[in-house]
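Student: First, the structure itself, so that you have it in front of you.
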């Protein structure tokens, strides 16, 4: 019996064919398919798998930036007549060092006769949208054009992600600083001054007493609360993806933020639609795949219903008018593009337009957030300072 374990999004496996004895081993692979192929090469078979969590990974993931560099390199070389295997060899030098081995596996699979799309599926880290575009491009013979479209779409998504990260990081840093400052004042400063005043017989207001008692309590149980805080930080790091989803869901209907979120969703959708339609994928299939990148429930549901009616024989220009979650201007532009037979260019144009809207609305939201954060800082820190100053003011007024 032979058993192996892989890394991120990988599998333990149990296999035995070539020998009757028991043997223990460890093997790294990205999917069950890859594991099965590795085992067949050693005359073994896959029997059972266990999937490891993503946080236990020791293998580098392909970032969106890696995908941009990879697709750009493939597009440039293949369009100039360079064989795909040689293009992949060059592409392995432009991705991050941790992904070079993955691209080498991809090149090896292609050199063995595996189609490019199937090879990408085997090595992992290529989503179903990308694989669908590659597969359609191989049928039409325009892999270079498809890679260029994917690179442009990924570049737009990278820009949108950067804006989203800016929106999240800036308030997080400011509020973290406010939280740390408030905690230090409550744990150290407030008890020090408050206890000194109370021991001197100075009348201390109830609000100040509450903060002093809270500070004394935190000091007495510092190890307990400190350990709990460390565990919370570790949990936030391990489950950051789930927390990000909760954060997006919580802010989806928040004033000002919802407009930015919707524009980000539309940018992703039209970027994928542009890539897929230019690769020759049927419109209904493109909508199905592109809608999967949208997390907005209403928009996703409207697009899925439109796709179903499109399959049943409906006209795109008629059905798109009923997708009320899309802006009116967007719907009218798509109707005109469908009538003119130029939907591909319309999708690309809409992706650019909504990306620009993301920039505008992000700048507007940041202009609102900055004074709002100043007010929050004042309420947090100012309240604690007021608790310290009130006894002093009372003492001064009593002395007068």
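Student: Quick check: pseudo-label points 7 Å beyond the Cα along Cα→Cβ at residue 216 and residue 389, how many nm apart are they?
Tutor: Placing both labels 7 Å along Cα→Cβ, they lie 2.6 nm apart.
Student: Any chance you could list P(r) for segment 64-126, counting all Cα-Cα pairs in 5 angstrom bins from zero, rounded to whole %?
Tutor: For segment 64-126, the pair-distance distribution reads 4, 20, 32, 30, 13, 1.
Student: I would also like to ask the following. So what is the relative contact order for segment 153-400, in percent, with contacts set as C-alpha pairs under 8 Å and at least six apart?
Tutor: Value for segment 153-400: 31 percent.
Student: Calculate, in nm to one decimal, what residue 89 and residue 363 gain on full extension: separation in residues at 0.36 nm each, minus their alpha carbon distance.
Tutor: 94.5 nm
Student: Just want the ordering: 311, 388, 287, from fewest to most Cβ atoms lying within 10 Å of their own Cβ.
Tutor: In order of increasing Cβ crowding within 10 Å: 311, 388, 287.
Student: Could you tell me the relative contact order of segment 180-296? Use alpha-carbon pairs under 8 Å, at least six residues apart, and round to a whole percent.
Tutor: 17
Student: Then there's this: What is the packing order of peptides 99-112, 173-186, 231-244, taking the mean over residues of other C-beta atoms within 10 Å and listing the highest first?
Tutor: Packing order, densest peptide first, comes out as 99-112, 173-186, 231-244.
Student: Going by C-beta contacts inside 10 Å, put 312, 288, 42 in order with the fewest on the left.
Tutor: The most exposed by this proxy come first: 312, 42, 288.
Student: Restricting to Cα pairs below 8 Å that are 6+ residues apart, what does the relative contact order work out to for segment 77-154? Please round to a whole percent.
Tutor: The normalised contact order for segment 77-154 reaches 24 percent.
Student: Estimate the FRET efficiency between residue 169 and residue 43 by the formula 1/(1 + (r/R0)^6), using the beta-carbon distance for r and 45 Å for R0, to the nearest 0.05.
Tutor: 0.30
Student: Applying 1/(1 + (r/R0)^6) with R0 = 41 Å to the Cβ-Cβ distance of residue 246 and residue 112, what FRET efficiency is obtained, to the nearest 0.05?
Tutor: The calculated FRET efficiency here is 0.40.
Student: Right, something else. Please work out the Kirkwood hydrodynamic radius for segment 153-400, using every pair of different C-alpha atoms, and report it in angstroms with one decimal place.
Tutor: Value: 22.2 Å, from the Cα pair sum.
Student: Starting from the Cα of residue 206, step 7 Å along the direction of its Cβ; do the same at residue 96; then give the gap between the two resulting points in nm.
Tutor: Simple spin-label model gives 5.5 nm for this pair.
Read the figures in this text as sums done on the coordinates, not as results from a lab. Everything quoted here is computed from the prediction, not taken from an experiment. Virtual Cβ from ideal backbone geometry, glycine too; neighbours counted across all protein chains shown.
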